Amino acid sequence: MNEKPSYKDTLNLPRTDFPMKGNLPRLEPELLDKWAELKISAKLAQPKQDQPTFILHDGPPYANGDIHLGHTLNKVLKDIIVRSKAMAGHYSPFVPGWDCHGQPIEHEVEKRLGRERADIGTAEIRRLCREYALKFVDRQRGQFKRLGVGGIWDEPYLTLDPGYEATVVRIFNQLYQEGLIYRGRKPIHWCYRCKTALAEAEIEYEDEPSPSIYIKFPLLDDFEPLAKASGNKSLLVWTTTPWTLPANVAVAVNPNADYAAVSDGRDIYILADALVSAVEKIAGRELVKIAGFKGESLVGLGCKHPTKEYRSPVVAADFVALDQGTGCVHIAPGHGEEDYLIGQKYNLPSPMPVDENGRFTEEAGALAGLHIIEANDRIIEDLKDRGILLMSGSIDHSYPHCWRCKQPVIFRATEQWFVSMDAGDLRQRALRAIQSVKWVPDWSIRRISGMVSERPDWCISRQRSWGVPIPIIFCGDCGQILAGVDILKHIEALFRAQGADVWFAREPVELLPPGTVCPKCSGADFRKENDILDVWFESGVSHAAVLETRSELSWPADLYLEGSDQHRGWFQSSLLTSVGTKSTAPYREVLTHGFLVDGEGRKMSKSLGNVIDPLKVIERSGADILRLWVCSADYSSDIAISDEILDRISEAYRRVRNTLRFLLGSLADFDPARDKVDYADMEAIDKWVLIRMDELIAKVLGAYEDYRLHIVYHSIYNFCTVDLSSFYLDVSKDRLYTSATNSKARRSAQTAIFELAESLIKIVSPVLVFTADEAWSYLPDRPADEPSVHLSRMPVGNNARIDMKLKDEWGKLLLIRQETSKALEAARTARLIGSSLEAKIRLSAPKEYEEVLTVYARDLAAVFIVSQVELVAEGTAVSNAFESQAIPGVVVEVDRAQGHKCARCWNWRLEVGENSDHPELCGRCLEAIGA
RNA sequence: GGGCCUAUAGCUCAGUCGGCUAGAGCGCGCCCCUGAUAAGGGCGAGGUCCGUGGUUCGAAUCCACGUAGGCCCA
C-alpha cells in the first residue's frame, strides 16, 4: 500500500456534471420537453421592436411517408439558418408547411380500396385522402421536431386548408383575367378500357409485341442533292404504331445527324446514314448509297401523307435517335409527348381521330368506328395496296400498361388547361424577375433562366379527384365558359367558407352567384369542370396563401431554400404565379442544395441498398450528429453520407463536446461577478486566446451570414482541436490545477475560459441545438431571461482588444513550439524523457524570434510544457541538438530537467527537498497550499 | 440525346489574380501521459490535384475534348 501523503486533494482539478458521453437519444427528448415548457418557439415568434425581419419561406414537403435524409438535409439547413438569424438579432419566424393534395396520395388510397374503389364517390375518396394526408402531416411533424427543427409547428400551413384553397382560386382568377390561362389539347396517357387519364406513376412498363413497319413518305419537292437521280424519292419512316398514321402531320429528322439517299435499283430512299446497313439486313435487299447530307438540309421539304391529300413537312428534332429505325420519325402531335412539343414549335395541326374508347372517329374517314388495335392490320394492308409499304414485321418492346386493368395504354390528346408562357409576355417578365433575385450558388441563375426560357406552356389540369378543382363553369347549352371576376370571387368565397369539397358536393348552379345566366345564350343550365389543378400550381401560390396572409410573415420572402430539383418545381411555379399576378418574384434570394449520394458518389436508392434512415441514426446516435453532418458538408454540390462519414462526424462531435466539458469543468469554482479579471490585467496567453476567439466569432458569424455552413463547422472544430485542446488548454492546465485557488494567474485563465465557453456554446448552438443548450445550463451565472441558449444573442467580437503585436508574438511562439515538440519527440524516442515535464530545453533562435523569446522568457517553460528553458545565443554550440528544418537557425537541445519532480505540480525544480515539512514540494506549490 | 453542376490525401474541407516543396483537421501508424481518463498530448506516413491535349516562362487554377457521378429534361 502506498502510504505517501497525497497532494492531489490540494489541486483544483476540473469538476462538472456535464457528462462526457452525450447520450443524445435520451437527452434530446428531455430538452424538447424543456423547450416546450419554456415556450421557446412562442418567445421567438414574438417580434421585438425595431427588429429587422428575416423570412425563410418553407417549401412544403409532400405529406406521404416518413421523413428521409433528403428531408433531414433540407429542414436542418433551414433551421440552422433561421436560428443563426434569430441569434443575430432578426425576427425570423419559421412557418412549416405541407403539400397535401395530389396523385400519389390518391393513388395510395385507391390501391388500398382495391375493388371497392368503383363503388365509392368522389366525396368519400376525398375524405379518405384528407385523412391519409393529415396522418402523415402529423407523423412528419413529430419527426421534424425530433430533429430539433424549430418553428410554429402548432400552426403549419397546409395546402388543404380552406383558406389556402381559396387563395388558389384567387390566383387562378387573377391569371385568368390577365388572359394567361387558356384551354388547349395535349396528349396524355389514356387507358381506353378504364376510360381514364393516367399519371406517370400509374403506368407499368411491360414487354409487348408491336408491328414494325417501314413506310415510304414520297417527296413532294425537288431536293438538290438528288436533282440528277431518277426514280421515286421518299423519306423512309419507321413506326411501331400504324394506328397513329391517320394523325400524322410531319416527319422529323435529327438536324445534326448524317443522312443518306440510297437506291434499291428502282426507288430512292432517304434515311439516317448510320442505319442503312441495319435496314438493308431487315429489308433483305442491297441499298446503294448515292448521296449524303446533314439532316438539317431536309428540313422544310414536303412529303405526301400516306393516306390523305396532305403535305407533311420535314421538321428538325434533336430527340430523333439513331439506334434503331430509320432516323425519320412520323409525327402525330395528338399521340406523343415529343410529337406534341414539335407540333407546338412548328405550329402544326393536331388531329385527334381516336375517341375515349380507343375507336376511330369520323375524322379518320374509312376507319371510323374501328378499334385502333384492330385497325393496325387494315392500315398495313392499305399501305401495301398503295405501294408505300417497304416492309413490315413485328417487334417486342417495353410498352406502357395501365396499373389497374393491366392493358396497354395509348397517348391521346385531350382538352387541358394551360398557363401561357407568351400570351401575357409571362416568359419575358419572369426572366426579368429572375435577374433581380440573388441566386446561390451563382450558377443557379443559369439553370432557372435556361429552364424558363425553354419551357413549354404550363399544363395545369389533371384528371383526378384529390386537389383543388379548376373553378370553371360551362354553359350547358352553348358551352360558353363562365369565368368572370365576380363568378370566380364567389367561388373563392365558397371555398374559403367550406373548403374545396363544396365543388364536388353541389350542383353547378349552386356554385354560381344567384341568378347567373349564360352571358352568351342566357341559358341557365350549367356544367362544371371535372379537372383539378396541378399540385405545383397549388404549392406555387404559397407565397400568396401563406406569406401574404399569416400575421407573422410578410411578402416577399427573404429566402427560399430547396434542393436543385426545385428549379423545375417550386422555384419556378412560385415565380410564375407571382410574376403573373404581381410582376415580381416572391423571393429576394434563392438558395439551392445538392442531392444525397453515398460514399461512392452514387445516389441513394433502395435497389442499390445504400439508403441511410435518419430516424435510425437519431435513435442510435442522436439528432445533433445528423445536424453536425448537415453542417459539415458543402451543400452547393452533392452531399455524401456513409457509415464512415457518420463515424467521423461522431468523433468530431465527441471532440467538441469534450472541449466544452473541460471548459465547464475548469469553471467549477468560478463566479464571474466575483472572480473576473479585467482584460488589461490578464496573462498574455489568456489575452491571446480571446483574440483568437474574437477572430473565430467574426469568421463564424460571417459564414452564417453567407450561408457557408461548412465553414462554420470547420472553423469551430479546428479551433477546439488546434487552438484549445492541443495548445491553450493543455498549457493552461498547470495554472488551473496547481496555482492557488484565488490567484490572479488562475482567475485570469478562468476569465478567458468563461468567455470561451459562453461564446463557443452560442456560436455552435444553431447547429448542435441540443448539446449547446445542455452545456448552457452548466455555465455559471446565467441571466434569468436566458434560460436557454436559443433565446440569447450571438457574441460580439471585441475589435478593441485585437492587438496585432500580441498576435504576432504568439504566432512566433507557436512556430517555435512546433520545433520544441519535434525535439522533445526525438528525446522521447531516445528514451531520454517520457513526459515533457521531465525535460529541460536549451534553445537558440535567429534574431526575429529571439526578441519574442526574451520578452516571454518567464512563460516559455509553461508554453512548451517543460520544466526548464534556457535561452542561449544563436551559434552557441550545443551537443546532440535538434536543428529545425522549418526555421533555420532554431536549435533545441533537450536534457533531463534539473532538480527533482514536485509531487504536486509534477514540474522539476531545484528547490524540491528544501522544505522539511513538505520535502516533495516546489516553492510555488508550498505557497499555493499556504504552507 | 440535351441543359445545369461536381471531381484536390481513406473522410470532410482550404487553396485569392495562373507563381515557394499543394495545406488543415480527422482517420491510420508509432510513441508519451495517466490530474479532461470509454479522455489528453507528440511525431510520422499518406496526393497521377479524374484523364488527355492545348495556351503560358510557369496550370490544381484558364481553354478544348473525354471519363465518372448528380439534378432536370427527353
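The values are calculated or read from the model by the stated rules, or taken from the named source; none is laboratory data. Predicted model, so just to flag it, every value in this text is computed and none were measured. Positions of Cβ are backbone-derived with ideal geometry, glycine not excepted, and every protein chain shown enters the neighbour counts. Ligands, DNA and RNA are stripped out before the accessible areas are found, and what is left, the full protein with its side chains, is counted by its heavy atoms. Shrake-Rupley method; radii C 1.70, N 1.55, O 1.52, S 1.80 Å.
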Checklist line | Segments classed as helices (runs of 4 or more DSSP H), wholly inside region A:446-534, with at least 1 members that are surrounded by 15 or more Cβ atoms within 10 Å (Cβ to Cβ) and under 28 Å from the mean Cα position of the chain (by Cα) | finding: none
Next item on the list: May I ask you to verify whether A:Thr584 is closer than 29 Å to A:Ala430 by Cα, outside any helix (DSSP H, G or I), within 27 Å of the chain's Cα centre (by Cα) and modelled with pLDDT of 95 or more?
Entry: yes
Margin query: If A:Leu275 satisfies all but one of (1) away from RNA strand B (no atom under 16 Å from the Cβ); (2) surrounded by 14 or more Cβ atoms within 10 Å (Cβ to Cβ); (3) of a type outside the set (D, E, K, R); (4) farther than 30 Å from A:Ala199 by Cα, what's the number of the condition it fails?
Written below: (1)
Next item on the list: Out of the residues in region A:222-253 that are modelled with pLDDT under 85 and part of a loop (DSSP other than H, G, I, E, B), state the one that is nearest to the chain's Cα centre (by Cα).
Entry: A:Phe223
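Test A:Leu575 against the criterion of being part of a helix (DSSP H, G or I) and more than 14 Å from RNA strand B (Cβ to nearest atom), and give yes or no. I'd like the intermediate steps shown before the answer.
Numbers: part of a helix (DSSP H, G or I): yes; more than 14 Å from RNA strand B (Cβ to nearest atom): yes.
For A:Leu575, the condition - part of a helix (DSSP H, G or I) and more than 14 Å from RNA strand B (Cβ to nearest atom) - is met.
From A:Ile711, A:Ile697, which residue is open to solvent by less than 30 Å² (accessible area, probe 1.4 Å) and in a helix (DSSP H, G or I)?
Selected residue: A:Ile697, the only one of A:Ile711, A:Ile697 that is open to solvent by less than 30 Å² (accessible area, probe 1.4 Å) and in a helix (DSSP H, G or I).
Evaluate region A:628-636: report whether one residue or more is out of contact with any strand residue (DSSP E or B) (no Cβ under 6 Å at 6 or more places or on another chain), without any contact (Cβ under 8 Å) to a residue 24 or more places away in the chain and not charged (D, E, K, R).
Step one: of region A:628-636, the residues out of contact with any strand residue (DSSP E or B) (no Cβ under 6 Å at 6 or more places or on another chain) are A:628-632, A:634, A:636.
Those still in the list that are without any contact (Cβ under 8 Å) to a residue 24 or more places away in the chain too: A:629.
Okay, now just the ones that are also not charged (D, E, K, R), so A:629.
Looking for residues that are out of contact with any strand residue (DSSP E or B) (no Cβ under 6 Å at 6 or more places or on another chain), without any contact (Cβ under 8 Å) to a residue 24 or more places away in the chain and not charged (D, E, K, R), one finds at least one in region A:628-636, hence yes.
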Notebook entry, point to check: Taking region A:348-367 on its own, how many of its residues are at pLDDT below 85 and exposed (fewer than 13 other Cβ atoms within 10 Å of the Cβ)?
Noted result: 2
Notebook entry, point to check: Residue check, A:Lys733 against (1) modelled with pLDDT of 95 or more; (2) within 35 Å of the chain's Cα centre (by Cα); (3) open to solvent by 40 Å² or more (accessible area, probe 1.4 Å), all met but one. Which one?
Noted result: (2)
Notebook entry, point to check: (1) surrounded by 21 or more Cβ atoms within 10 Å (Cβ to Cβ); (2) under 18 Å from the mean Cα position of the chain (by Cα): which one isn't true of A:Glu28, the others all being true?
Noted result: (2)
Next item on the list: Any residue in region A:196-217 that's more than 27 Å from A:Arg378 (Cα to Cα): show its pairings with residues that are open to solvent by 30 Å² or more (accessible area, probe 1.4 Å) and modelled with pLDDT under 85 at Cβ separation under 6 Å, as long as the two are six or more apart or on different chains.
Entry: A:Glu202/A:Trp403; A:Glu204/A:Trp403
Check: A:Glu851 versus (1) open to solvent by 30 Å² or more (accessible area, probe 1.4 Å); (2) assigned to a loop (DSSP other than H, G, I, E, B); (3) not basic (Lys, Arg): which is the lone unmet condition?
Finding: (2)
Note to self: Which numbered condition in (1) more than 8 Å from RNA strand B (Cβ to nearest atom); (2) part of a helix (DSSP H, G or I); (3) open to solvent by 10 Å² or more (accessible area, probe 1.4 Å) is the only one that A:Asn610 fails?
What the structure shows: (2)
Notebook entry, point to check: If we scan region A:77-87, do we find a residue that is touching a residue at least 40 places away in the same chain (Cβ under 8 Å) and within 14 Å of RNA strand B (Cβ to nearest atom)?
Noted result: yes
Checklist line | Positions within region A:643-653 being exposed (fewer than 15 other Cβ atoms within 10 Å of the Cβ) and near RNA strand B (Cβ under 6 Å from one of its atoms), in sequence order | finding: A:Glu644, A:Arg648, A:Glu651
Note to self: Scan region A:597-607 and tell me whether some residue there is among the acidic types (Asp, Glu), surrounded by fewer than 21 Cβ atoms within 10 Å (Cβ to Cβ) and within 7 Å of RNA strand B (Cβ to nearest atom).
What the structure shows: no
Check: Is it true that some residue in region A:546-565 is farther than 28 Å from A:Ile80 by Cβ, assigned to a loop (DSSP other than H, G, I, E, B) and either among the aromatic types (Phe, Trp, Tyr) or in contact (Cβ under 8 Å) with a residue 60 or more places away in the chain (or both)?
Finding: no
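Go through A:Asp624, A:Asp671, A:Asp678 for me and flag whichever is more than 8 Å from RNA strand B (Cβ to nearest atom), of a type in the set (Asp, Glu), touching a helix residue (DSSP H, G or I) at 6+ places or on another chain (Cβ under 6 Å) and within 30 Å of A:Pro780 (Cβ to Cβ).
On the way: A:Asp671 fails: touching a helix residue (DSSP H, G or I) at 6+ places or on another chain (Cβ under 6 Å); A:Asp678 fails: touching a helix residue (DSSP H, G or I) at 6+ places or on another chain (Cβ under 6 Å).
Sole residue among the options that is more than 8 Å from RNA strand B (Cβ to nearest atom), of a type in the set (Asp, Glu), touching a helix residue (DSSP H, G or I) at 6+ places or on another chain (Cβ under 6 Å) and within 30 Å of A:Pro780 (Cβ to Cβ): A:Asp624.
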Next item on the list: Mind listing just one residue for me: the one in region A:339-366 that is under 27 Å from A:Val299 (Cβ atoms), out of contact with any strand residue (DSSP E or B) (no Cβ under 6 Å at 6 or more places or on another chain) and in contact (Cβ under 8 Å) with a residue 60 or more places away in the chain and, of those, nearest to RNA strand B (Cβ to nearest atom)?
Entry: A:Leu341
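From the list A:Arg817, A:Arg858, A:Arg842, A:Arg828, exactly one residue is of a type in the set (Lys, Arg), more than 10 Å from RNA strand B (Cβ to nearest atom) and surrounded by 14 or more Cβ atoms within 10 Å (Cβ to Cβ). Which is it?
Values: A:Arg817 fails: more than 10 Å from RNA strand B (Cβ to nearest atom); A:Arg858 fails: surrounded by 14 or more Cβ atoms within 10 Å (Cβ to Cβ); A:Arg828 fails: more than 10 Å from RNA strand B (Cβ to nearest atom).
From the options A:Arg817, A:Arg858, A:Arg842, A:Arg828, the qualifying one is A:Arg842.
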